[in-house]
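Peer 1: Mind having a look at this structure? Questions to follow.
The values are calculated or read from the model by the stated rules, or taken from the named source; none is laboratory data. As the structure is a computational prediction, the values presented were derived from the model and not from experiment. Glycine gets a Cβ as well: all are built from the backbone with ideal geometry, and neighbour counts include every protein chain shown. Areas reflect the complete protein model, heavy atoms only, side chains present, ligands, DNA and RNA absent. Shrake-Rupley method; radii C 1.70, N 1.55, O 1.52, S 1.80 Å.
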Amino acid sequence: MSAYPILSVITFLPLAGAAVILLTGQRPARWIALVTTVATLGLSMPLYQAFDKSSGAMQFAESRPWIPAWSVVYGMGVDGISLPFIFLSVVLCVLCVAASWTAIQERPREFYSALLVAETAMIGLFAATNLFLFYVFWEIMIVPMFLLIGVWGGAARIFAAFKFLLFTLAGSLLMLVGLVGLLHTTGTLDFQALTTGTKLNPQLQAWLFIAFTAAFAVKVPMFPVHTWLPDAHTEAPTAGSVILAGILLKMGGYGLLRVALPILPDAVQLFLKPMLALSIIAIVYGAYVTLAQTDVKRLIAYSSISHMGFVTLGIFTLNRAGVEGAILQMINHGIITGALFLCVGMIYERTHTREIADYGGLSKAAPVYSTLLALFCLAAAGFPGLNAFVGEFLIIGGAFRTWAWLGALAVFGVLLGTTYLLWLYYRVVLGELNPGLRGLRLELNAREVITLAPLIFLVLLLGLYPESVLGYLRASVANLLEGR
Amino acid sequence: MHHLWLIPALPLAGFLVNGLFGRRLPKAIINAVAVGSVLLSFLWVLQVLNGLMPLETLYVERYATWIASGSLDIPYELAIDRLSAVMLLVVTGVGLLIHIYATGYMSHEDGYYRFFAYLNLFMFFMLTLVLANNYLLLFVGWEGVGLCSYLLIGFYYLKNSATTAGNKAFIVNRIGDFGFALAIFLIFIQFGTLDFPAVFSAAQPLPAESTAGILTAICLLLMVGAAGKSAQVPLYVWLPDAMEGPTPVSALIHAATMVTAGVYMVARSSALYLKAPLAMDVVALIGLLTAVLAATIGMTQFDIKKVFAYSTVSQLGYMFLALGVGAFSAGIFHVVTHAFFKALLFLGAGSVIHALEGEQDLRHMGGLRKKIPITFLTLACAWVAIAGVPPFSGFHSKDEILLAAHHHAPWMYWIGVVTAGITAFYVSRAMFLCFFGKYRGHHHPHESPVSMWGPLAVLALLSLGGGYTHIPQFLAPVFPLAEGAHDFTLVAISVAAGLTGIGLAWFLYIAKPGLADSIASNLGGLYKLVYNKYFVDELYFATIINPAIAGSRTVLWKFLDAGLIDGTVNGAGHMAQWVGAKCRRLQSGNIRTYATWVVLGAVLLIFTIGGVR
């Protein structure tokens, strides 16, 4: 690979942008943020083109000594598993800026710099090749998220922000303990070295698994540590919800793939059944609770719990279809839930209500909006030909190979999923226009349609040609599953 | 290459044009795009068949990989054999006629472009369903037609009953899809592939299961899917409500094509069903039960579209009876003839409703045969066809089914015959109430335009002569011909049952008007039970839907999620607060108190360390 440190560049470019914003002023903040995110997206393009899909190894690798005393290096690199997440992060960040364009009037300077710091944390986390760097970015991520929720959120933002903070910090602490334990016994934190090095003894693995998985499970979130999510999602500003759903939750799933599966294989076997059971509970229980929601954002938040249940289910099937499906599902969920939160945010800017009962009959007043919402709801419901279908199909196929009843329950979760989405659409879009909405300009403007356009494209592309992601995954997933 | 993909792609193009730009297009262009795309699709089917005849084996075209992961490889692959050829002709042919009809019927409606965009999209998915060469691609079409059905049932989305009916259709169908999806996964686990030829040839050498095994499970689950889509017991409840949609939709989707997708799918999977005789029996029983149940309800309804809707459910039951007794080609034969006469019945009913400015209640009709004679004449053709009067189309296909049923189990034949009588009765009743006697309404009936009665006339000819299409013989390369020689007595009995039904209806509604009402009131409870559709909807609500909603709201969300889990977390928080508040008292700012604590601590420390040593 060339000497050009592409991963470091795209990781820290947003941070530089954040610094520039803080040094300039409130007015140009959104423009600087837009330029920075677009530039990051543009600079990341060579990654996808030059990536060698036939290799499962880390590519574009960078390595520099960092803290010699703990033999910690600054190591960056991507494989087929991390690349799609980086793509998703840089795309969603552009859209977040676009979606906040008029919605954020208060302290835009601080808002956009927080957003950019978050972008650095996201890219860095997915590009890190050792656990220490991974942990650093993991922790950095919490700060801008906490601020985004706590400062620019809805009425109960303070409560939601602290709930988010407490849950994630509890997880982080356990991860730190695990990290120290791992360093203490192996003397390295490099993912590659940990994977190929001598196996840890099973008992230690079990303890480490508990520590790491607790941290990851909070982020995913897995049942029963999911209750921070509805509050955080609901209270966060649109961009915050998109980042939360789109990327932050994926950090948990990514952590399981990067740390738990390759480094702690015996512990994974040991905890397999409880993890599968918790996944299924998340799928069915999450979907069922979603049915009862009366707040649009809370409804989408609960649906995330169900959809992320598919991710952990796929991961713990430990077979190709399941794991590839899980990664695809994470990307798909980022796209779809991101799109749904953007849709909700756009209409909220006009109506200032999140109660489903305050809506109704949008289809005549806002046909374009209704059509796009329908498309994303269908995608979320796993409609075949759209993106989520492929991931769910692979996961359930993988689950059937493990235990047929697992797959059957997951299919039931899909069934519930279509029901709550249909009901949401029915209550928001169909029927006569809600009298409370009369006189409002509800239809989307050009900026908003352009904001959603990339996601429409991705929903169709990944549904009709999933190979566009699966092609990247294949070699790395094979590595992951057979390298054990 | 015969470019099979063009067959579904043409309507898809029509959908895209009308869907994206239709709002700004004049009606003439919308019509040209919508009808033209289906016409071209129909012509392309003919072109393909012309090139491929005699088509004795499956012709496959592979375009690209869709999903590949590990050993799983699902391609974009379309295929055509004689079974799909029949379906293609019905779907594009009848579809074309209904599109033309709709240009007249919908001309005054709001959202004209939207209607035709949905209709074209439906054609795309339906044709994908028929052409798919693997279960997953078929599932794409399957879900797609369901979506279009939902959109079109709820086309009048300002009307609450329409959107509710759409939701009901969607949810009931999802229950069916649940079964279908499970079946697909089981097939994949069992055979390692979802390709039709590969699955069926792998099933070929397997022995027929005498007790319930994996194949029986697969076939039963497929039947659950079919029961949802094709409105069979216990999932038939959505179809009558689906009549909220515009009448051309009822004709195209809810009579001629989509609802027969379940029949097609089961017939397509015949290689699996033949190895699972138990599942075949279940299919036959469900079909028979549905046929009887729906026919009896059809006798009591007054909404002309509801009568025909229950008739559709009942006729679909016949088709499943055929499949269940192993007469697959007879089942498909009935799909074809039913598509002709039932599309005609609905379009004719639409013409009546159009003439009466929206009136659908048979009690407010009557004597219309002189006012809208073309509609009457064409509907009369459908009437004799469905009543099983020889030599018209329904007679031929129903006859095949009943003979096969008799060969399988005579009692099934007898129930089928009674149902045939009931069928003839309720259609005749509707015809008599609508066209004979005195006009009981207050509108000024007017005949429909040629764009509407033209398709009616074509369908009328097909309903009369469609029995001579020799579908079972044509399908011989796909399905073995049904056993059971033609038995003149059995045929005569079923024809007699049909004629009795017609005669009885004539007696009750023409000869002795008023007698029907007094019979109904004498029957009292029984009549009410049937008239209210055996209270099945109410039963479902009380036992499944309401408890499910209550459970979601009170048990899971409020109690478990917000109460128990969050309660535990908040409890931990409160505990920390409490401890913090107590400890705060220690920080009193009083130096002497601090000093006391320090001394106490030091003493404690010394004693502990000393104790350890």
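Peer 1: Write out, first by first residue and then by second, each pair whose Cβ atoms fall under 8 Å of each other, whose residues are 6+ apart or on separate chains, and whose first residue, in region A:388-412, is at the interface with chain B (Cβ under 10 Å from one of its Cβ atoms) while the second is among the basic types (Lys, Arg) and part of a helix (DSSP H, G or I).
Peer 2: Final answer for the pair search is A:Gly398/A:Arg320.
Peer 1: Moving on to the next point. Just checking, does region A:342-352 include any residue being open to solvent by 10 Å² or more (accessible area, probe 1.4 Å), of a type in the set (Lys, Arg) and within 14 Å of chain B (Cβ to nearest Cβ)?
Peer 2: No, region A:342-352 contains no residue that is open to solvent by 10 Å² or more (accessible area, probe 1.4 Å), of a type in the set (Lys, Arg) and within 14 Å of chain B (Cβ to nearest Cβ).
Peer 1: Which ones in region A:53-102 are of a type in the set (Val, Ile, Thr), outside any loop (DSSP other than H, G, I, E, B) and modelled with pLDDT of 90 or more? Outline the logic, then answer.
Peer 2: Of the residues in region A:53-102, the ones of a type in the set (Val, Ile, Thr) are A:67, A:72-73, A:78, A:81, A:86, A:90-91, A:94, A:97, A:102.
With the extra rule that they be outside any loop (DSSP other than H, G, I, E, B), the set shrinks to A:67, A:72-73, A:78, A:86, A:90-91, A:94, A:97.
Passing the criteria: A:Val78, A:Ile86, A:Val90, A:Val91, A:Val94, A:Val97.
Peer 1: Looking only at residues that are more than 11 Å from every other protein chain (Cβ to nearest Cβ) and part of a helix (DSSP H, G or I) in region A:413-436, which one is most open to solvent (accessible area, probe 1.4 Å)?
Peer 2: Taking region A:413-436 first, the residues more than 11 Å from every other protein chain (Cβ to nearest Cβ) are A:424, A:428, A:434-436.
When the remaining residues are screened for being part of a helix (DSSP H, G or I), the result is A:424, A:428, A:435-436.
On the way: A:Leu424: 9, A:Val428: 11, A:Pro435: 87, A:Gly436: 61 Å².
Result: A:Pro435.
Peer 1: Which of the residues spanning region B:372-394 are under 11 Å from B:Phe341 (Cβ atoms) and either in contact with a Gly (Cβ under 6 Å, 6 or more places away or on another chain) or open to solvent by less than 20 Å² (accessible area, probe 1.4 Å) (or both)?
Peer 2: Within region B:372-394, B:Thr378, B:Leu379, B:Ala382, B:Ala385, B:Ile386, B:Ala387, B:Gly388, B:Ser393, B:Gly394 meet the criteria.
Peer 1: Moving on. Just the residues that are in contact (Cβ under 8 Å) with a residue 24 or more places away in the chain, within 14 Å of chain A (Cβ to nearest Cβ) and open to solvent by less than 20 Å² (accessible area, probe 1.4 Å), please, taken from region B:55-99.
Peer 2: Across region B:55-99, the qualifying residues are B:Trp66, B:Ile67, B:Leu72, B:Ile74, B:Pro75.
Peer 1: Moving on. Test each condition in (1) closer than 26 Å to A:Arg427 by Cβ; (2) among the acidic types (Asp, Glu); (3) not in a helix (DSSP H, G or I) for B:Glu209 and report the one that comes out false.
Peer 2: Among (1) closer than 26 Å to A:Arg427 by Cβ; (2) among the acidic types (Asp, Glu); (3) not in a helix (DSSP H, G or I), B:Glu209 violates only (1).
Peer 1: Report, ordered by the first and then the second residue, all pairs with beta carbons closer than 9 Å, sequence separation of six or more or different chains, a first member in region B:250-261 that is under 17 Å from B:Asp177 (Cα atoms), and a second member that is outside any helix (DSSP H, G or I) and open to solvent by less than 10 Å² (accessible area, probe 1.4 Å).
Peer 2: Filtered contacts from region B:250-261: B:Met258/B:Ser230; B:Val259/B:Ser230; B:Val259/B:Ala231; B:Thr260/B:Ser230; B:Ala261/B:Ser230.
Peer 1: Go through region A:113-153 residue by residue and tally those that are assigned to a loop (DSSP other than H, G, I, E, B) and hydroxyl-bearing (Ser, Thr, Tyr). Walk me through how you get there before you give the answer.
Peer 2: First pass over region A:113-153, keeping only residues assigned to a loop (DSSP other than H, G, I, E, B): A:129, A:153.
If we keep only those that are hydroxyl-bearing (Ser, Thr, Tyr) as well, we get A:129.
Counting residues in region A:113-153 that are assigned to a loop (DSSP other than H, G, I, E, B) and hydroxyl-bearing (Ser, Thr, Tyr) gives 1.
Peer 1: Then there's this: Given the condition within 13 Å of another protein chain (Cβ to nearest Cβ) and farther than 19 Å from A:Ala214 by Cβ, answer yes or no: does some residue in region A:264-285 qualify?
Peer 2: yes
Peer 1: Right, something else. Among the numbered conditions (1) within 14 Å of another protein chain (Cβ to nearest Cβ); (2) at pLDDT 90 or above, tell me where A:Gly171 comes up short.
Peer 2: If we test A:Gly171 against (1) within 14 Å of another protein chain (Cβ to nearest Cβ); (2) at pLDDT 90 or above, just (2) comes out false.
Peer 1: When region A:154-194 is examined, which residues are found to be part of a loop (DSSP other than H, G, I, E, B), open to solvent by less than 20 Å² (accessible area, probe 1.4 Å) and more than 22 Å from A:Ile263 (Cα to Cα)?
Peer 2: Of all residues in region A:154-194, those part of a loop (DSSP other than H, G, I, E, B) come to A:154-156, A:187-189.
Still in the running and open to solvent by less than 20 Å² (accessible area, probe 1.4 Å): A:154, A:189.
Passing the criteria: only A:Gly154.
Peer 1: Moving to a separate point now. If I ask for residues that are more than 14 Å from chain B (Cβ to nearest Cβ) and open to solvent by less than 60 Å² (accessible area, probe 1.4 Å), which ones from region A:448-484 would you list?
Peer 2: Residues satisfying the conditions are A:Glu448, A:Thr451, A:Leu452, A:Pro454, A:Leu455, A:Leu458, A:Val459, A:Gly483.
Peer 1: Which number in (1) more than 10 Å from every other protein chain (Cβ to nearest Cβ); (2) in a helix (DSSP H, G or I); (3) surrounded by fewer than 22 Cβ atoms within 10 Å (Cβ to Cβ); (4) at pLDDT below 90 marks the one condition that A:Gly439 misses?
Peer 2: (2)
Peer 1: Restricting attention to helices (runs of 4 or more DSSP H) lying wholly within region A:293-384, give those where 3 or more residues are modelled with pLDDT of 90 or more.
Peer 2: Numbers: elements: A:296-317, A:320-351, A:362-365, A:367-380.
Output list reads A:296-317, A:320-351, A:367-380.
Peer 1: When you check A:Leu328 against the structure, is it within 14 Å of chain B (Cβ to nearest Cβ), within 29 Å of B:Lys159 (Cβ to Cβ) and not acidic (Asp, Glu), yes or no?
Peer 2: Working: within 14 Å of chain B (Cβ to nearest Cβ): yes; within 29 Å of B:Lys159 (Cβ to Cβ): no; not acidic (Asp, Glu): yes.
No.
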